[in-house]
Amino acid sequence: MQSKLHKSAYPVIDTDPIFGRVVRYFRWSDYAKGVAWTAFQPLELSKQALHKTMKVSVVVGVFHAFLMMYTNSSARFFGYMENAREIKMYREEYLKLKGEGKPMHGVSRLPLSLQRVAASYSTGAFMNFDVFPIFNFVNHPYHGQSEGVIPEEWK
């Protein structure tokens, strides 16, 4: 069961990347935006409220910054943003894992039915982080990808 592909301006790398891969593919611009958001989050408070709520404000800023960074990285996997760097990294990772004899999307100890449920919940979930953040921590075979991301002769 392949995930349905959507129309996008750039090639779709993976419709349900695992959490660790999304975080590994963060760009420096993601980190810069995250640091800026965390640093300027307390500025939204008045001077009097700043002292009392500084810790809470920083925690909220860090959490929001991480979700923003994760969303940007996931959007590149989905082909919603420019992703040439991610395609190159994905191909290098594919060749490395193939050379070691390992599958690209890992091996799971969960039954196939639970893998399917996990995939259905986490595919595209980054688009709803404002409602309820769901990350993919389960290795499963249900990934969609544009043709040409991995050349046919490599498969």
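The table below lists the values:
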item: Hits in segment 122-139 (condition: more than 15 Å from SER74 (Cα to Cα) and free of Cβ contacts under 8 Å to residues at least 24 places away in the same chain); result: VAL131, PHE132
item: Qualifying residue in segment 110-118 (condition: out of contact with any Ser or Thr (no Cβ under 9 Å at 6 or more places or on another chain), modelled with pLDDT under 85, outside any loop (DSSP other than H, G, I, E, B) and more than 15 Å from ARG21 (Cα to Cα)); result: no
item: Filter result for VAL149 (open to solvent by 70 Å² or more (accessible area, probe 1.4 Å) and either in a loop (DSSP other than H, G, I, E, B) or in contact with a strand residue (DSSP E or B) (Cβ under 9 Å, 6 or more places away or on another chain) (or both)); result: no
item: Selection status of GLY61, open to solvent by less than 40 Å² (accessible area, probe 1.4 Å), in contact with a Ser or Thr (Cβ under 6 Å, 6 or more places away or on another chain) and modelled with pLDDT of 75 or more; result: yes
item: Verdict on ASN128 being under 30 Å from ALA65 (Cβ atoms) and in contact with a Phe, Trp or Tyr (Cβ under 7 Å, 6 or more places away or on another chain); result: no
item: Pairs, first in contact (Cβ under 8 Å) with a residue 40 or more places away in the chain in segment 56-82, second basic (Lys, Arg) and crowded, with 16+ Cβ neighbours inside 10 Å, C-beta under 8 Å, six or more apart; result: GLU82/ARG76
item: Where a residue in segment 91-108 is more than 12 Å from HIS140 (Cβ to Cβ) and in contact (Cβ under 8 Å) with a residue 60 or more places away in the chain and its partner, wherever it lies, is part of a loop (DSSP other than H, G, I, E, B) and open to solvent by less than 70 Å² (accessible area, probe 1.4 Å), with Cβ under 6 Å and at least six apart; result: TYR94/MET104; TYR94/ILE150
item: Of all residues making up segment 14-31, the number that are of a type in the set (D, E, K, R), assigned to a loop (DSSP other than H, G, I, E, B) and more than 20 Å from PRO141 (Cβ to Cβ); result: 1
item: Counted residues, segment 119-146 - those being among the aliphatic types (A, V, I, L, M) and not in a loop (DSSP other than H, G, I, E, B); result: 3
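Conditions tested, residue by residue: (1) in contact with a strand residue (DSSP E or B) (Cβ under 7 Å, 6 or more places away or on another chain); (2) open to solvent by less than 60 Å² (accessible area, probe 1.4 Å); (3) modelled with pLDDT of 90 or more.
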| residue | (1), (2), (3) |
| --- | --- |
| SER46 | no, no, no |
| LEU50 | no, yes, no |
| ALA75 | no, yes, yes |
| GLU86 | no, yes, yes |
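The values are calculated or read from the model by the stated rules, or taken from the named source; none is laboratory data. Treat the numbers as computed from the prediction; the structure is a model and nothing was measured. All Cβ positions, even for glycine, are placed from backbone atoms using ideal geometry, and neighbour counts span all protein chains on display. Note: areas computed on protein heavy atoms with side chains; ligands, DNA, RNA excluded. Shrake-Rupley method; radii C 1.70, N 1.55, O 1.52, S 1.80 Å.
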